[in-house]
2 protein chains.
Amino acid sequence: MNATTGARERLVAAAQQMFAAQGVGATSPRQVLDASGVGQGSLYHHFPTKHDLAVAAVGATVDDALAAARRDLDPGDAGTEDPVARVVAYLERPRDALAGCKVGRLTSDQAVMDDDGLHDVVTAYFVRLLDAVAATLREAGLPDAVARDRAHAAVAVVQGGYVLARATGDPDAMSAAVRGFVALLRTPAPTEGAR
Amino acid sequence: MNATTGARERLVAAAQQMFAAQGVGATSPRQVLDASGVGQGSLYHHFPTKHDLAVAAVGATVDDALAAARRDLDPGDAGTEDPVARVVAYLERPRDALAGCKVGRLTSDQAVMDDDGLHDVVTAYFVRLLDAVAATLREAGLPDAVARDRAHAAVAVVQGGYVLARATGDPDAMSAAVRGFVALLRTPAPTEGAR
DNA sequence: GTCTATAACGCGATAGAC
DNA sequence: GTCTATCGCGTTATAGAC
């Protein structure tokens, strides 16, 4: 915590919080500046435009989120070798459902979607997350196409769970969605291809 | 299309389009006004505040969306008595995935969530949608708790599918999520309670 | 490297003529 | 019921002292 640990880091941390709570477009540089406690000149010294600040803050948030998902999916951290159990661990991880997904919410933030740099960061997050889940499901012996579709469904359930929880104001809406999906995920497939 | 069919309807229609494309908070009354072709005074005559305009436009959008879902889930319109097939019809209905859900997106719009009136309209939409899907699944003989969880999962897959499609820029991300979920939904349960 | 002051612009809303 | 003109404020960003 020396003098050089100051402004830049505080600005990014404050921006991450504000963006998670309000979105990027709805957050003014001025708000970030006030929350961080630095002066106006400092902000524009470290980040010439709002875009630069947003790329730094969103990038940090994406790195955190991806690391958390990989912990759930990693056999060592999850404490089980069973691939399906690890995907279930990812699905059932406690989440602040009413807050919404720090990354997923950016998807309906016009300021993010209109900014190529920011959009790319969000795209990379979901591509990597989907790849990680699909890879885990392939370990369970699923064919690639099935693993990919199921990974999309799994990640969609979490993202949709956030939407339902926020819409209804009830965090259990997320739990219910995950419960419903996990129950289906665990029913042993009746010999792939059979009806 | 007489003279009295003018301003108000045009304003609401324009607002619905702009809100769907940009969100409520990111759309200024001035933009709606320009898109609708009416004058500034007319807007504030019919809708004293932006809130009033938003309630009218979001309400109309929600009514449309709910009616569409009920058509998918209705035995008559769906053309099949099989309840699961009707839920699948809802899931597989063609959607403009890259545009995002007109209602679900509002969930991460601060201007909507901070406005009690608007929030209530969004809440009512999802409560009714979830009820309709759960009721259909109960027709299939599922116990209430299972039907509710599975309905949450189904609606979450669609909402999450929108998020994935927008994030990756690929409309097929939505199709993949739905495919993955429908495949699981169709595997016959191995006698409820058995392992 | 950090500060204060301020510019230029668009916002939501109002006034008042027609 | 519709128009134009305008108010007061907050925004993103810059200027220039320290």
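If you take the beta carbon distance between A:Arg186 and B:Arg10 as r and set R0 to 56 Å, what does 1/(1 + (r/R0)^6) give as a FRET efficiency, to the nearest 0.05?
0.60
Interface size between chain B and chain A, please: total buried accessible area, 1.4 Å probe, rounded to the nearest 100 Å².
3400 Å²
One decimal, nm, shortest first: give the distances between the label point of B:Ala60 and those of the same position in the other copies, each label point 7 Å from Cα along Cα→Cβ.
Copy-to-copy label distances for B:Ala60: 4.3 nm.
Report, for A:Gly79, each distance to the same residue's label point in the other copies, shortest first and in nm; define the point 7 Å along Cα→Cβ.
5.2
Rolling a 1.4 angstrom probe over the protein heavy atoms, how many square angstrom per residue are accessible across segment A:103-189?
Dividing the accessible area of segment A:103-189 by its residue count gives 33 Å².
What is the percent of Cα-Cα separations in chain A that go past 27 Å?
38 percent
Using Cα atoms only, what is the angle between the long axis of helix A:83-92 and the major principal axis of chain A, expressed in degrees (0 to 90) to the nearest 10?
Tilt of helix A:83-92: around 50 degrees.
May I ask you to derive the relative contact order of segment A:3-186, considering only C-alpha pairs under 8 Å and at least 6 residues apart, and to give it as an integer percent?
Contact order relative to length: 21 percent.
Just to verify a number: what accessible area does A:Asp74 come out at with the full protein assembly present, 1.4 Å probe, Å² rounded to tens?
60 Å²
Counting only other chains, and only Cβ atoms inside 10 Å, what mean value do you get across the residues of A:23-35?
The mean count of partner-chain Cβ atoms within 10 Å per residue comes to 2.
Quote the Stokes-Einstein diffusion coefficient, in whole µm² s⁻¹, for segment A:16-108, based on the Kirkwood radius over alpha carbon pairs, a temperature of 4 °C and a viscosity of 1.567 mPa s.
The Stokes-Einstein estimate is 85 µm²/s.
Roughly speaking, to the nearest percent, how much of chain B's 1.4 Å accessible area is carbon and sulfur?
C and S fraction of accessible area: 52 percent.
For A:Gly6, place a label point 7 Å from Cα along the Cα-to-Cβ direction in every copy; what are the distances to the other copies, in nm, shortest first?
Here the equivalent label points are 6.1 nm apart from this one.
Helix A:7-22: angle to the longest alpha-carbon principal axis of chain A, degrees 0 to 90, nearest 10?
Once rounded, the angle reads 50 degrees.
Viscosity 0.692 mPa s, temperature 37 °C: what is the translational diffusion coefficient of the protein assembly as shown from Stokes-Einstein with a Kirkwood Rh over Cα pairs, rounded to a whole number of µm²/s?
148 µm²/s
Helix A:116-139 against the longest principal axis of chain A: what's the angle in degrees, Cα atoms only, rounded to the nearest 10?
Approximately 30 degrees, to the nearest ten.
Please give the peptides A:59-69, B:140-150 ranked by average Cβ packing (other Cβ atoms within 10 Å per residue), highest first, as a rough proxy for protection.
B:140-150, A:59-69
Given the Cα-Cα distance of B:Glu92 and B:His51 and 0.36 nm per residue of separation, how much length would full extension add, in nm?
Result: 11.4 nm gained on full extension.
Could I have the simple spin-label model distance between A:Asp144 and B:Ala140, label points 7 Å from Cα toward Cβ, reported in nm to one decimal?
Each label point lies 7 Å from its Cα, and together they span 3.1 nm.
Can you compute the FRET efficiency between B:Gln31 and A:Ala60 using 1/(1 + (r/R0)^6), with r the Cβ-Cβ distance and R0 = 41 Å? Round to the nearest 0.05.
Step by step, r from the Cβ atoms, then E = 0.80.
Report the gain in length on full extension from A:Asp172 to A:Thr80: 0.36 nm times residue separation, minus Cα-Cα distance, nm rounded to one decimal.
30.5 nm
Averaged over peptide A:62-71, how many Cβ atoms belonging to another chain are found within 10 Å of each residue's Cβ?
Rounded to a whole number, the mean comes out at 0.
As a test of the formula, what do you get for chain B when each DSSP H run with n ≥ 4 contributes -39,500 (n - 2.57) and the sum is divided by the residue count, at 222 nm and rounded to the nearest 500 deg cm²/dmol?
After summing the helix terms and dividing by residue count, I get -22500 deg cm²/dmol.
For segment A:108-124, which residues drop by 40 square angstrom or more in accessible area between the chain on its own and all protein chains together (1.4 Å probe)?
Checking the loss per residue gives A:Ser108, A:Gln110.
The values are calculated or read from the model by the stated rules, or taken from the named source; none is laboratory data. Given the structure is predicted, the values throughout are model-derived calculations rather than measurements. Using ideal geometry, Cβ is built from the backbone for each residue, glycine included, and neighbour counts are taken over all protein chains shown. Surface areas here come from the heavy atoms of the whole protein model, side chains and all, with no ligands, DNA or RNA. Shrake-Rupley method; radii C 1.70, N 1.55, O 1.52, S 1.80 Å.
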